[in-house]
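This report refers to the structure that appears directly beneath it.
The values are calculated or read from the model by the stated rules, or taken from the named source; none is laboratory data. This structure is a prediction, so every number in the text was calculated from the model and none was measured. Methodologically, a virtual Cβ is constructed for each residue, glycine included, from the backbone with ideal geometry; neighbour enumeration extends over all protein chains shown. For accessibility, only protein heavy atoms count, side chains too; no ligands or nucleic acids. Shrake-Rupley method; radii C 1.70, N 1.55, O 1.52, S 1.80 Å.
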Amino acid sequence: MPSVKDRFLSMLINSTDYISGENASKELGVSRAAVNSAVMSLRNDGYGIDSATNRGYLLTSRPDRLDCGSIGAKLSPSRMETLTVLTEVDSTNNYCKDLARKGAPEGTVVISDSQTGGKGRRGRSFLSPPGCGIYLSYLLRPRTGIERISEITCWAAVSVCEAIKEAYGLDSGIKWVNDILMNRMKICGILTEASVEAESGAIDSCIIGIGINVNEKRSDFPEELSKTASSISIENGGKTFMRSDLAAVLIRRLDELAGGWPSLHEDYLEAYRSFCVTPGNRITAFTTMSGDSEGRSGEALSIGDDFSLEVRFDGKNDTESLKSGEVSVRGLYGYT
Ligand code: BTN
């Protein structure tokens, strides 16, 4: 259940005029004292709230904070009920997986301001410092076979690109299969984890984990990531972006994904093809399982109907269809 503070913050964000203490306490179903204490606590968090006699409260400035109230302000009031916003967690995917095990419904979202053990693909870690990124996990209960898990990740990549465009008006692209790039640098990664029903092979729960670098500065990235990783802020002249705005739009896009799965296959495929920047480039493919360190080079041609990558390898006449999970692809722009 969202707190009084969260619900009052949503009211303040959505109001262009003063809200009287009396109206706030009626609408929230709490005492005037509870409203006063919410105001004090919000001011402590950095929200600018003007109070005027006989008029009430008006929000005058907002810090860049990931609060349930600021994310929920852009969603329907009931949507806040399945939204958990944390300051710190080991991994939002782990937290969300626990909720899924306890029977949480599809659409459950866990967001954290930081992660102490953020997980990336292939056992790597995902840098998740406080105060700059969005670390979000979304619970899907898709009831389709496990073989379609990578397609869900591709749909999520589309959702991220569309959300960045809607929230900030900025273009981004997908490096096959699911890294989101801005100006050829990685600004977002997606890790999807599923639990499967042993008998039927159907996915029981699927956690879509999305990490977006929003306001990181260059100095936030260690040397080994400096050539590949960046943030939306760095790629846009150091401007600070409101993370809660993007988080809210992303949740809406993921709700659309959940509602459209799997029938909107054609729409997501078309959108994926339009965002994916890999075709037309030279790539090197590495077989994930075999510890392949040399890789094979060739030209990426197109995205197949199952979101595979069609490649013509050097010295071959035929094309090959690469499936995500089996291979990783390197060699795109600044991203090597
Ligand atoms: C990758 O690029 O390798 C995937 C990174 C996925 C990171 C996100 S952050 C939210 C969620 N929780 C995690 O522990 N990982 C994912």
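Mean residue ellipticity at 222 nm from the helices of the chain, using -39,500 (n - 2.57) per DSSP H segment of n ≥ 4 over the full residue count, to the nearest 500 deg cm²/dmol?
Helices in the chain give a 222 nm mean residue ellipticity of -9000 deg cm²/dmol.
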Low-density loop positions, GluC sites (Glu not before Pro), the range 86-151 - DSSP coil, at most 15 other Cβ in 10 Å: GLU88
Strictly over 22 Å apart at the Cα level, which of LYS165/LYS227; LYS74/LYS217; LYS119/LYS186; LYS97/LYS323; LYS227/LYS323 would you flag in this model? LYS165/LYS227; LYS74/LYS217; LYS97/LYS323; LYS227/LYS323
Coil-residue trypsin sites (Lys or Arg not before Pro) of the range 94-165, DSSP, other Cβ within 10 Å capped at 12: LYS102, ARG124
Under the 0.36 nm per residue contour assumption, what length would be gained going from the current alpha-carbon distance of ARG101 and ILE146 to full extension? 14.4 nm
Rounded to the nearest 10 Å², the 1.4 Å probe accessible area of TYR272 is 0 Å²
Note on the range 48-118: alpha-carbon gyration tensor, axes a ≥ b ≥ c; rule is a/c under 1.5 for rounded, else prolate if a/b larger than b/c, else oblate; result oblate
Check: the range 1-139 dipole with +1 on Lys, Arg Cβ and -1 on Asp, Glu Cβ, in debye: 420 debye
Given axes a ≥ b ≥ c from the Cα gyration tensor, I'd like to know whether the range 217-299 is rounded (a/c under 1.5), prolate (a/b larger than b/c) or oblate. oblate
Which net charge results for the neighbourhood of THR319, defined as the other residues with beta-carbon distances under 11 angstrom from its beta-carbon, given Lys and Arg at +1 and Asp and Glu at -1? -2
Magnitude of the Cβ-charge dipole of the chain, K/R +1 and D/E -1, about the Cα centre, nearest 20 debye? 840 debye
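Heavy atoms only, probe 1.4 angstrom, no DNA, RNA or ligands counted: give me ARG252, ARG330, ARG218 ranked by accessible area, highest first.
ARG218, ARG330, ARG252
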Looking at the chain as a GNM with Cα springs under 10 Å, which of ALA73, ALA100, ALA34 has the largest mean-square fluctuation? ALA34
I need the fraction of alpha carbon pairs in the range 91-223 separated by more than 18 Å, rounded to a whole percent. 55 percent
Around SER205 (Cβ within 12 Å, Cβ-to-Cβ, excluding SER205; K/R +1, D/E -1) the net charge comes to 0
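What area, in nm² and to one decimal, does the C-alpha convex hull of the range 211-262 cast on average over all directions?
4.8 nm²
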Post the alpha-carbon centroid distance, the range 174-235 to the range 17-84, in whole angstrom. 32 Å
Between ARG55 and ARG282, what FRET efficiency comes out of the Förster formula 1/(1 + (r/R0)^6) with R0 = 41 Å and r the beta carbon distance, rounded to 0.05? 0.05
Comparing THR84, THR192, THR116, which has the greatest mean-square fluctuation in the GNM of the chain with Cα pairs linked when under 10 Å apart? THR116
Accessible surface of the chain, 1.4 Å probe, proportion on carbon and sulfur as whole %: 46 percent
If amide hydrogens are placed 1.01 Å from N in the peptide plane, which non-local residues have theirs closer than 5 Å to the one on ARG62? GLY48
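If the viscosity is 0.890 mPa s and the temperature 25 °C, what translational diffusion coefficient in µm²/s does Stokes-Einstein give for the chain when Rh comes from Kirkwood over Cα pairs?
Numbers: Rh = 21.3 Å.
This corresponds to a translational diffusion coefficient of 115 µm²/s.
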Accessible area of the range 198-307 divided out per residue, in Å², using a probe of 1.4 angstrom: 47 Å²
For the range 1-78, report the accessible area per residue in Å² (1.4 Å probe, heavy atoms, rounded to an integer). 52 Å²
Candidates per GluC sites (Glu not before Pro) in the range 154-205, loop by DSSP, up to 11 other Cβ within 10 Å: GLU199
With the 8 Å Cα cutoff and a minimum separation of six or more residues, the chain has a relative contact order in percent of 14 percent
Could you check how many percent of all C-alpha pairs in the range 45-86 are farther apart than 12 Å? 66 percent
